[in-house]
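A short worksheet on the structure shown next.
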Amino acid sequence: MSDNVFPVPEAVAKAALVDDAKYKAMYERSVTDPNGFWGEQAQRIDWIKPFTKVKNTSFDPHNVSIKWFEDGELNVAANCVDRHAATRPNQTAIIWEGDDPADSKHITYAQLKDEVSRFANVLKARGVKKGDRVTIYLPMIPEAAYAMLACARIGAVHSIVFGGFSPDSLAGRIEDCGSAVVITADEGLRGGRKVPLKANVDAALKKITGVETVLVVRRTGSAMDMTAGRDIYYDEAAAAVSADCPVEPMNAEDPLFILYTSGSTGKPKGVLHSTGGYLVYASITHELVFDYHPGEVYWCTADVGWVTGHSYIVYGPLANGATTVMFEGIPTYPSPARFWEVVDKHQVNIFYTAPTAIRSLMGAGEGHVKKTSRASLRVLGSVGEPINPEAWVWYYNVVGDARCPIVDTWWQTETGGILITPLPGATALKPGSATRPFFGVQPAVVDAEGNILTGATEGNLVILDSWPGQMRTVFGDHERFVQTYFSAYKGTYFTGDGCRRDADGYYWITGRVDDVINVSGHRMGTAEVESALVAHPKVAEAAVVGYPHDLKGQGIYAYVTLMTGIEPTEELRKELVAWVRKEIGPIASPDLVQFSPGLPKTRSGKIMRRILRKIAEDSFDSLGDTSTLADPGVVDDLIENRQNRK
Ligand code: 6R9
C-alpha cells in the first residue's frame, strides 16, 4: 500500500470479532449468497413469526421495490428491551449524562422496560394506534429513547424533529406526515442555555391543524402555557397508566420511522425506514463496525434527531443489549475537556463522533485532552463528513494515544446504517478513507454517463444492489424516491456523493457531487482544498465553495477560521494561498480567502454550503431559510466581510 497506512495491530485483530481473512470470506458470501448470509444474520433478532423469504428487491426505475424478510413478524421494542430485561435485567441499558456534569443517571434494562411500556400506554390512552405517526421534538433526555421505543412497541411510526429546528420547520414536518400527537419537553438544556421547545411547538401549531395532543416532559420545570384539552404533562399522564403493555406484532416491512432530510432541491424528504431489515442491519453494523463486546460501554455523541442517533444511540446498541451513553450537552461545555472527562467518568470503551467536533477540539489545543486518562477507550469512530487527514491523525494520536483504531463510517439517512467502513480488527487504516464496503454492500464508481469504472478511479458513488437497512420510500411520495435515487444511473442507487477508489480498492468519499468545483475544466473536491487548508498550523477550520469566475469558469472561495489567538493578516492570506498551491498544486490555489470567526453550520455540525455559495457569489439577499443554523448570527459577519464584491 502506497499511502500513509496504519496496519491493524496483531493484538487488536486477535481479540476482534472479525479479522481480515474473516472479513474477506464473509464479504464474498454476503454478495454471492445474500439470501443465505442475511437469512442467518437475521437470527440475531427474535421473530414472532419466522420469515420464509429473505430478499425481494428491484432497483429497476420502472419498478423500484425493496422488501426484506417480507413475511416475517417481529417487534422492535421486544428486541431492544424485553428480551434483555428478561436475561440481564440489572445491566445498564442507558447511561444518561446531563448538560451539567453533576447530572447523570443509569437506566437498567428492567427499568427501561417499565418506562417504555408506560410511555406506550400513555400514547394508547391518547388514541394512538398501529400505523399512526407521532412527532417527537425532544432534547437528549432518556424520554427520547422511551418515546421512540414506545412507538415501536405499539406499531406507531415516529418522526423525530431535531430540537434545534425552528417552529416553521417543525410545522412542515408535522403536517407532511400527519401526526396527531407531538411529544416535547418544557425546555431543553445545552451548554448551560435553555432551548424553548414547548414554546416552539406552540408557535408551530399556530400554523397547522390536526394535532390533538401535546405531551410535555418536564426537563427544566419552568412554568409553561398549557392549552387545555391539548397539552398534558407527561409525568401526570404516566402516573395514571400501568407499566405493562403488550408488544404489537409487526410485519417486517411495516414502517418503523420517518426522518426528514434535506436534498439538493425541494423541501425535506420524509425518509421511511421499515422494521425487520432496518433492525437486523442496525444490529449487525453496531456489533461488527465497533467490534462491540458484551459489557462494554459505548458512546455515540450524535443527537437522536439525526439518523446517527436513531441507529447508533438507540436501535443498534439496544438490539445488541449494549450499554449506550446518551449525552445532553455539547463538546465545549463547561470546557473543551468535556468529552474526555465523560469518557473517564463512565469508562467509555467505544467513542463515535463527527469530524467537526474533532476539528473544533483540535483548535482548542491538546492540553484539554492530555489532562484526562482515556485508558478505557478501545475503538474510535467518525461520521458525517469526510474527515481530513490532519484531524484523523490528531484524533488517532492525541485522543486515542495511537492505540485505538478509527472507524471512518460512510453512510446516509437513506441507508439506515453504515455502508463503507473499516472494521477494527480487519482493516488497515488510511487517514481520510472510509476504506471498504460492509457486508452485503456493493459500491461502484460511475462516470457522468453511468458507465461503471474499474480499478483505481474517480467518479460518482452508486450502490448496485439492496441491503436490509435501505430506506423503502419517501413518505407519501414514492415517485420522488424513484426520481431522486434511481433515475440518475439506471438500475443503481445513486448516493449523491463523489468518490475515489485507490489501487487497494479503498473508497475515499470526496463529498457531495454538488460540492465539486470545476476550475478551468479541472474537477476539484472542495474537501480536498479544505483538507489542505486545515493542514496549515494556523487554521482551525475551512469551507470551500465555487463561485463564478470570468476566466476559469469557477474560482475557489475559501472561508477560513483561524486557531484561537491567531491574527488575520494580509500576509497570512497570501501564505495560505501559497500553502494550498504547494499542498495540491496551482490549480487548487484559492482565488479568494475570507477569514471568518464562524461558519454557518446546522446543529448537527454540517456546514451549509448553500449559504457560503450565495455569499461567495455576492448574492446574499436570497439566502433562504437560515433558521436551522446553530448560530444564524455568523451569516451577518460573513456578508460584511465578503471578498467578492461586484
Ligand atoms: C450518517 C449521516 C449523509 C452525507 C453523505 C456524505 C456525508 C457521512 C461520511 C460522509 C465522508 C464519511 N458523510 N459520513 N462523507 N465520510 N464517513 O451523516 O447521514 O446526515 O444523511 O448525511 O454525509 O456526503 O452523503 P446524513
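The values are calculated or read from the model by the stated rules, or taken from the named source; none is laboratory data. Please read all numbers here as calculations on a predicted model, not as lab measurements. Using ideal geometry, Cβ is built from the backbone for each residue, glycine included, and neighbour counts are taken over all protein chains shown. These accessible areas exclude ligands, DNA and RNA; they are computed on the full protein's heavy atoms, side chains included. Shrake-Rupley method; radii C 1.70, N 1.55, O 1.52, S 1.80 Å.
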Conditions: (1) assigned to a helix (DSSP H, G or I); (2) under 19 Å from G277 (Cα atoms); (3) open to solvent by 40 Å² or more (accessible area, probe 1.4 Å). Q41 meets all but one. Number of the miss? (3)
Given the conditions (1) near the ligand (Cβ under 10 Å from one of its atoms); (2) open to solvent by 20 Å² or more (accessible area, probe 1.4 Å); (3) more than 17 Å from M362 (Cβ to Cβ), every one holds for P386 apart from (3)
Going through (1) exposed (fewer than 13 other Cβ atoms within 10 Å of the Cβ); (2) free of Cβ contacts under 8 Å to residues at least 40 places away in the same chain; (3) part of a loop (DSSP other than H, G, I, E, B) one by one, D60 fails only at (2)
Going through G425, G367 one at a time, which residue ends up being more than 21 Å from the chain's Cα centre (by Cα) and farther than 21 Å from T564 by Cα? G425
Of all residues in the range 359-382 being open to solvent by 20 Å² or more (accessible area, probe 1.4 Å) and aliphatic (A, V, I, L, M), the one that is farthest from the ligand (Cβ to nearest atom): A375
On the given criteria, is L74 on the phi < 0 side of the Ramachandran plot and either among the polar types (S, T, N, Q) or more than 26 Å from the chain's Cα centre (by Cα) (or both)? no
All-but-one check, G321 against (1) within 16 Å of the ligand (Cβ to nearest atom); (2) open to solvent by less than 20 Å² (accessible area, probe 1.4 Å), failing number (1)
List, please: which pairs have Cβ atoms under 9 Å, are six or more places apart or on different chains, and start with a residue in the range 99-111 that is of a type in the set (F, W, Y) and end with one that is open to solvent by 60 Å² or more (accessible area, probe 1.4 Å)? Y109/A86; Y109/T87; Y109/R88; Y109/N90
Which numbered condition W306 fails, given (1) aromatic (F, W, Y); (2) open to solvent by 10 Å² or more (accessible area, probe 1.4 Å); (3) within 16 Å of the ligand (Cβ to nearest atom); (4) modelled with pLDDT of 95 or more: (4)
Among the listed residues Q483, Q412, Q470, which satisfies the condition of being within 17 Å of S65 (Cα to Cα) and within 16 Å of the ligand (Cβ to nearest atom)? Q470
Consider Q111 against the criteria (1) in contact with a helix residue (DSSP H, G or I) (Cβ under 8 Å, 6 or more places away or on another chain); (2) farther than 15 Å from F327 by Cα; (3) outside any loop (DSSP other than H, G, I, E, B): it satisfies all of them except one. Which criterion is unmet? (1)
